[in-house]
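S.K.: I'd like to ask you about the structure that follows.
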Amino acid sequence: MFQTTVIVSAGAPETILRFFRAVAHTGAVVVALLLVGCSSVPHRVLINDDSLKPMLQAAASFDRARYGFTPIPKDPTSTTVFLESKPRDGYDAMLHISTKTYRTIAFRRTPAGYEWIGEQEIFQGPKRYKTADGTFNEAISLTYETVQMSGYPLNQLNIMYYGEDPRLAKKGHLKLARVQPILREWGY
């Protein structure tokens with residue numbers, strides 16, 4: 001076992017602290033660059049980017065209207081898209097799409113391209129509510145997965161409401177027929 005002895009002069013703690021801050025900052029930058037280079041961090045792409053075509057074609061296989069999801073937006077000027085292209089537990093690629101709603105779509109890579117395996121869309125409402133973590137807008141999320149990713153039951157629509165609207169709060173398992181009129185009220 002090796003033992004190191006450090007002798008510190010009276011002004012040294014500030015110098016040592018500056019040194020460790022510089023090392024930490026440099027290390028954080030290096031780690032961030034490595035993550036971006038490895039596609040671990042979602043990177044921004046345009047919705048009409050050719051690299052997304054196989055994923056968007058796979059996403060079209062899901063009957064989103066039947067389950068209350070909105071059409072995938074196509075306008076690159078009003079749509080923000082981030083792509084995760086490094087495989088994770090449960091999926092190989094994921095799109096994060098923001099327009100009027102916030103959507104996440106998961107894919108599994110296949111020999112033919114991609115297979116749609118799940119989607120979540122979050123609709124933000126007008127009312128605000130307070131929690132221990134802060135104040136938020138009420139929201140309804142629709143989730144449908146064919147592969148276990150988030151803990152929801154598979155192959156069925158899962159609906160969650162976050163907020164204080166008595167029509168939805170503390171109602172247990174919500175049905176699409178119950179939330180659709182409220183989504184229309186919210187302008188969706």
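Derivation of every value follows stated rules applied to the coordinates shown; laboratory data play no part. As the structure is a prediction and not an experimental result, all values here were calculated from the model. Because the Cβ atoms are built from the backbone with ideal geometry, glycine has one as well, and the counts that use them run over all protein chains shown.
S.K.: Using a 10 Å cut-off on Cβ atoms, rank the peptides 88-97, 129-138, 154-163 from the highest mean neighbour count down. Before the final figure, lay out the partial values.
M.R.: Numbers: 88-97: 17.5, 129-138: 10.5, 154-163: 15.8.
Listed from highest to lowest mean packing, they are 88-97, 154-163, 129-138.
S.K.: Given the pairs Lys86/Lys171; Lys74/Lys170; Lys86/Lys175; Lys130/Lys175; Lys127/Lys175, which are separated by over 28 angstrom at their Cα positions? Kindly include the intermediate steps, with their values, before the conclusion.
M.R.: On the way: Lys86/Lys171 37 Å; Lys74/Lys170 36 Å; Lys86/Lys175 34 Å; Lys130/Lys175 25 Å; Lys127/Lys175 21 Å.
Result: Lys86/Lys171; Lys74/Lys170; Lys86/Lys175 exceed 28 Å.
S.K.: Follow-up question, since we're still on this one. For region 43-185, what is one quarter of the convex hull surface built on the Cα atoms, given in nm²? Could you put the intermediate results ahead of the total?
M.R.: On the way: hull surface 37.9 nm².
Approximately 9.5 nm², given one-decimal rounding.
S.K.: Work out, step by step, the length gained on full extension between Leu46 and Gln180: first 0.36 nm times the residue separation, then minus their alpha carbon distance; give nm to one decimal. Write out the running numbers ahead of the final one.
M.R.: Values: separation 134, 0.36 × 134 = 48.24 nm, distance 2.96 nm.
Full extension of this stretch gives 45.3 nm more.
S.K.: So if each residue of separation counts as 0.36 nm, and I subtract the Cα-Cα distance between Arg88 and Leu154, what length gain in nm does that give?
M.R.: 21.9 nm
S.K.: On to the next question. In whole angstrom, note down how far apart the Cα centers of region 66-89 and region 98-156 are.
M.R.: Result: 11 Å between the Cα centres.
S.K.: Counting only C-alpha contacts under 8 Å and six or more residues apart, can you give the relative contact order of region 63-188 as a whole percent? List each step's numbers first, then the result.
M.R.: Values: 213 pairs, mean separation 19.6, N = 126.
Answer for region 63-188 is 16 percent.
S.K.: Taking K and R as +1 and D and E as -1, what net charge do the other residues with C-beta under 10 Å from the C-beta of Leu168 add up to? Can you show the working numbers first?
M.R.: Details: positive: Arg167, Lys170, Lys171, Arg178; negative: Glu138, Glu164, Asp165.
Residues close to Leu168 contribute a combined charge of +1.
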